[in-house]
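Notes for the one structure printed next.
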Amino acid sequence: MAINAQTVEQYYQSNLDEALKKVSEILGDQKKQPNFNGLVGGKNKTYGVDIKDHDSPESYVKAWMDGHEGVYKKDRNINPSFTKDDRSSYKIQALLEDQFLRGFIECYLIRSYFKNR
């Protein structure tokens with residue numbers, strides 16, 4: 001089954017409120033859509049990913065997740081008292097450990113792929 005922009009947008013809009021609620025619970029702070037956009041959407045450069053280098057949303061999502069994993073592993077070697085609360089890789093990792101949020105983040109990335117291709 002092919003992924004299309006309309007289906008992705010419908011899923012995103014239908015699940016946004018629940019996702020933001022879960023994000024807020026996990027991170028212990030009220031998060032709104034702009035906060036989520038900054039946390040997840042602003043990581044392409046950090047993770048060494050460029051949407052234009054990918055010919056499918058799946059390829060982009062895989063590269064983003066691989067980039068996250070690399071940064072997260074690197075950040076674990078930094079002073080833990082600073083890292084855990086302040087490094088976004090730890091925050092994103094906490095979100096990815098929730099199955100619903102992992103799927104929502106993947107949807108968000110696919111949505112970004114379609115919007116920016």
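The values are calculated or read from the model by the stated rules, or taken from the named source; none is laboratory data. Worth saying up front: this structure is predicted, and the values here are computed from it rather than measured. Glycine gets a Cβ as well: all are built from the backbone with ideal geometry, and neighbour counts include every protein chain shown.
Against the condition under 16 Å from PHE114 (Cβ atoms) and assigned to a loop (DSSP other than H, G, I, E, B), how does ASN44 come out, does it pass?
Working: under 16 Å from PHE114 (Cβ atoms): yes; assigned to a loop (DSSP other than H, G, I, E, B): yes.
Judged against the criteria, ASN44 is a match.
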Filtering the stretch 53-64 down to residues that are not in a loop (DSSP other than H, G, I, E, B) and not hydrophobic (A, V, I, L, M, F, W, C), which residue is surrounded by the fewest Cβ atoms within 10 Å (Cβ to Cβ)? ASP53
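Matching residues to (1) out of contact with any strand residue (DSSP E or B) (no Cβ under 6 Å at 6 or more places or on another chain); (2) modelled with pLDDT under 95; (3) of a type in the set (D, E, K, R):
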| site | (1), (2), (3) |
| --- | --- |
| MET1 | yes, yes, no |
| GLN10 | yes, no, no |
| LEU39 | yes, yes, no |
| GLY48 | yes, no, no |
| SER56 | yes, no, no |
| VAL61 | yes, no, no |
| ASP66 | yes, no, yes |
With the checklist (1) free of Cβ contacts under 8 Å to residues at least 12 places away in the same chain; (2) in a helix (DSSP H, G or I); (3) touching a helix residue (DSSP H, G or I) at 6+ places or on another chain (Cβ under 6 Å); (4) of a type outside the set (Val, Ile, Thr) in hand, flag the one item LYS31 doesn't pass. (2)
Residue that is in contact with a Gly (Cβ under 6 Å, 6 or more places away or on another chain) and surrounded by fewer than 16 Cβ atoms within 10 Å (Cβ to Cβ), where the choices are GLY42, GLY48, GLY67, GLY38: GLY48
